[in-house]
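S.K.: I am attaching a structure below and will ask some questions about it afterwards.
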Amino acid sequence: MNPVVIAVAITGSVPRKTDNPAVPVSPSEQIESTHEAYEAGASLVHIHVRNHDESPSSSPEKFAEVQDGVVRYCPGMIVQFSTGGRGRDPGLRGSPLYLRPDMASLSTGSVNFPSIVYENHTTLVHDLAGRMQQHAIRPEIEIFDLSHLHGARRLVDAGLMDDRPHVQFVMGVENALPADEHLLDILLEELRRVLPKATWTAAGIGRHQASVMEWALRRGAHAVRTGLEDNIRITRERLARSNAELVEMAVETVLRHRRRAASCPEARAILSLSPHGGAL
Ligand code: ZN
């Protein structure tokens, strides 16, 4: 069976404990939640950190603490830092990259979100891409709009990124790309034209998480994404008990598609990461 990377986005910048008490907020909660997700089959963790009041933070100390815990308790797991998210000072979003996570998210354009403009000025995009290149971090390009694929291609042409980034289509954010299966086909066709060597995944937000995962698997995605950042519920009536519970569901979905959860070494090979960290 063809292995697929299961990525878990444990925290994000939006959900609070009042929304679901299982959202891990402190670094120790985040490490524990990641470890449970790792045991359940996740091979990549996407990390945001929070302040004591649960607001989003860019603190390198907090990122370092979570990174150290994951490296220690989840051997081989791919560590991905977020450089995005709402409520962070744009000038600080790249500040933890010197810690050399294996990967970091990178938005290559701006877009409307539910209540704000998610602003990614070209200067900021270039600065973040340059830092990732300097520290041998593989970018995961966040696609909130088709033009963001072309933003990624421009980074390749400018020599700020190699031509094998990992690309994530984000569907179902209000005011951005709707969760529409036909739209995924259009995006994939354009990806193959603009960045033919890229690996790809798709994330469905909220109630769209499970259906977007199905669509991605039907089209041979290299990875799928789950986690409380994107969706806090198992059903409309029941909150997810943990990130691990969402990972268990993803493992079952993957098996239904005659694939299996990639081990960490397999996940690193799929995403062109060295076995010991960093981009190849
Ligand atoms: Zn995120």
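S.K.: Does the stretch 113-122 hold any residues that are within 16 Å of Gly87 (Cβ to Cβ), open to solvent by 60 Å² or more (accessible area, probe 1.4 Å) and in contact (Cβ under 8 Å) with a residue 24 or more places away in the chain, and which are they?
M.R.: Of all residues in the stretch 113-122, those within 16 Å of Gly87 (Cβ to Cβ) come to 113-120.
Filter again for open to solvent by 60 Å² or more (accessible area, probe 1.4 Å), leaving 114-117, 119.
Passing the criteria: Pro114, Ile116, Glu119.
S.K.: While we're looking at this one, here's another question. Can you tell me which residue in the stretch 33-71 is surrounded by the most Cβ atoms within 10 Å (Cβ to Cβ), limited to those that are within 21 Å of Ala240 (Cβ to Cβ) and among the small types (Gly, Ala, Ser)?
M.R.: So in the stretch 33-71, the residues within 21 Å of Ala240 (Cβ to Cβ) come out as 33-50, 54, 56, 66, 70.
Filter again for among the small types (Gly, Ala, Ser), leaving 33, 37, 40-43.
On the way: Ser33: 23, Ala37: 32, Ala40: 20, Gly41: 19, Ala42: 35, Ser43: 28.
Ranking the qualifying residues of the stretch 33-71, first place goes to Ala42.
S.K.: Right, next: Take the stretch 188-231 and flag every residue that is over 15 Å from the mean Cα position of the chain (by Cα) and among the hydroxyl-bearing types (Ser, Thr, Tyr).
M.R.: Ser211
S.K.: Shifting gears a bit: Would you tally the residues in the stretch 108-151 being more than 16 Å from the ligand (Cβ to nearest atom), within 16 Å of Ala202 (Cα to Cα) and hydrophobic (A, V, I, L, M, F, W, C)?
M.R.: 2
S.K.: Now for a separate question. Inside the stretch 111-151, can you point out the residues that are outside any helix (DSSP H, G or I) and over 21 Å from Asp230 (Cα atoms)? Spell out how you get there, then give the answer.
M.R.: The first filter runs over the stretch 111-151 and keeps only residues outside any helix (DSSP H, G or I), leaving 111-121, 135-146.
Passing the criteria: His121, His135, Ala136, Ile137, Arg138.
S.K.: Ok, one more. Looking only at residues that are part of a loop (DSSP other than H, G, I, E, B) and not small (Gly, Ala, Ser) in the stretch 32-82, which one is farthest from the ligand (Cβ to nearest atom)? Talk me through it step by step, then tell me what you get.
M.R.: Narrowing the stretch 32-82 to residues part of a loop (DSSP other than H, G, I, E, B): 41-43, 48, 51-55, 58-59, 74-77, 82.
Right, trim to not small (Gly, Ala, Ser) and you get 48, 51-54, 74-75, 77.
On the way: His48: 5, Asn51: 16, His52: 20, Asp53: 19, Glu54: 15, Cys74: 18, Pro75: 23, Met77: 17 Å.
Among those that are part of a loop (DSSP other than H, G, I, E, B) and not small (Gly, Ala, Ser), it is Pro75.
S.K.: Turning to a different aspect of this structure: In the list Thr18, Thr83, which residue meets the criterion of being of a type in the set (Val, Ile, Thr) and farther than 15 Å from Leu228 by Cα?
M.R.: Numbers: Thr18 fails: farther than 15 Å from Leu228 by Cα.
Only one candidate passes the filter, namely Thr83.
S.K.: Follow-up question, since we're still on this one. All but one of (1) surrounded by 24 or more Cβ atoms within 10 Å (Cβ to Cβ); (2) assigned to a loop (DSSP other than H, G, I, E, B) hold for Leu160; which doesn't?
M.R.: Condition (1) is where Leu160 drops out.
S.K.: Checking Cys74 against (1) more than 20 Å from Val5 (Cβ to Cβ); (2) hydrophobic (A, V, I, L, M, F, W, C); (3) crowded, with 20+ Cβ neighbours inside 10 Å, only one condition comes out false. Which one?
M.R.: Just one mismatch for Cys74, condition (1).
S.K.: What pairs can you find where one residue is in the stretch 67-95 and at positive phi, the other is among the small types (Gly, Ala, Ser), and their Cβ atoms are less than 8 Å apart, with a gap of 6+ or different chains?
M.R.: Taking only residues 6 or more apart or on different chains, the pairs are Gly76/Ser43; Gly76/Ser263; Gly85/Gly12; Gly85/Ser13; Gly87/Ser13; Gly87/Ser55.
S.K.: State which residue is modelled with the lowest pLDDT when the search covers only the stretch 83-107 and only residues that are within 15 Å of the ligand (Cβ to nearest atom), part of a loop (DSSP other than H, G, I, E, B) and within 24 Å of Arg153 (Cα to Cα).
M.R.: Gly85
S.K.: Looking only at the stretch 167-224, how many residues end up being acidic (Asp, Glu) and not in a helix (DSSP H, G or I)? Quick ask: steps written out before the conclusion?
M.R.: Step one: filter the stretch 167-224 for residues acidic (Asp, Glu), giving 174, 180-181, 185, 189-190, 214.
Retained after the next criterion (residues that are not in a helix (DSSP H, G or I)): 174, 180.
Total satisfying the criteria: 2.
S.K.: Would you confirm whether or not the stretch 8-19 contains a residue that is without any contact (Cβ under 8 Å) to a residue 60 or more places away in the chain, away from the ligand (no atom under 16 Å from the Cβ) and farther than 19 Å from Leu239 by Cβ?
M.R.: No: the stretch 8-19 contains no residue that is without any contact (Cβ under 8 Å) to a residue 60 or more places away in the chain, away from the ligand (no atom under 16 Å from the Cβ) and farther than 19 Å from Leu239 by Cβ.
The values are calculated or read from the model by the stated rules, or taken from the named source; none is laboratory data. All values derive from a computational prediction rather than experimental measurement. When we count neighbours, we look across all protein chains shown, and the Cβ atoms used for this are built from the backbone with ideal geometry, even at glycine. Remember, those area values only see protein heavy atoms, side chains included, never the ligands or the DNA or RNA. Shrake-Rupley method; radii C 1.70, N 1.55, O 1.52, S 1.80 Å.
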